[in-house]
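**Q** This structure is in structure tokens; I'll ask about it shortly.
The values are calculated or read from the model by the stated rules, or taken from the named source; none is laboratory data. Everything quoted here is computed from the prediction, not taken from an experiment. Neighbour counts run over all protein chains shown; Cβ positions are idealised from the backbone, glycine included.
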């Protein structure tokens, strides 16, 4: 299927690994000139991106700066993928509500909600001029918060609603906004023993490998497996393309059948 996006430009945040890197690779393979932004630019990102920007997207200045650098690098922004999210596992409690301090709430909301808001606001003039498209990467935790660090599900629920609000305002002006909500996905967040997956395994008293093997069953994933980041990337590329020209304001779940409700 020809997506018709060859020669367009995209800014992808959180693009150094996992879902973000898969999105950058998929768009680049379709002929999109990708500006990839992340706190740390990996060799894998530098290989596929037209420009790679090292930036702290949890700050307003960082979000504004990355848009300025993207515009300078590729001349304009057709597509914006707000993918950056999760958080620093070293400063994140995985306990209950009373275990999560104010700083955790603020840090999680800055990275998972306000980063998307700041980046979108800065990129919007170019997106409006080019009648572009936005995809926000949320999570099924927006609908089912069990198992998420305190504040994460709440921030993702707000991000999903942010996409709905934006779509209502921007669809009449030619900019499409949609949300993609993955479930369990193969990413460093789970597979890196020093990140969330390792912390959950240690707290549960099980080996990291055993935890990863058991998670699809524990979460009731009908397919019995994690989603691959490339599968999420394919969905994002479709939603950015003209093949999805009349898809506005929708939340697209890709979770292997984890959510059971209609």
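**Q** Condition (residue is closer than 18 Å to residue 164 by Cα, in a helix (DSSP H, G or I), within 13 Å of the chain's Cα centre (by Cα) and at pLDDT 95 or above) applied to segment 236-256: is it met by at least one residue?
**A** Within segment 236-256, one or more residues are closer than 18 Å to residue 164 by Cα, in a helix (DSSP H, G or I), within 13 Å of the chain's Cα centre (by Cα) and at pLDDT 95 or above.
**Q** Go through 251, 210, 192 for me and flag whichever is surrounded by fewer than 14 Cβ atoms within 10 Å (Cβ to Cβ) and either closer than 23 Å to residue 12 by Cβ or in contact with a helix residue (DSSP H, G or I) (Cβ under 8 Å, 6 or more places away or on another chain) (or both).
**A** 210
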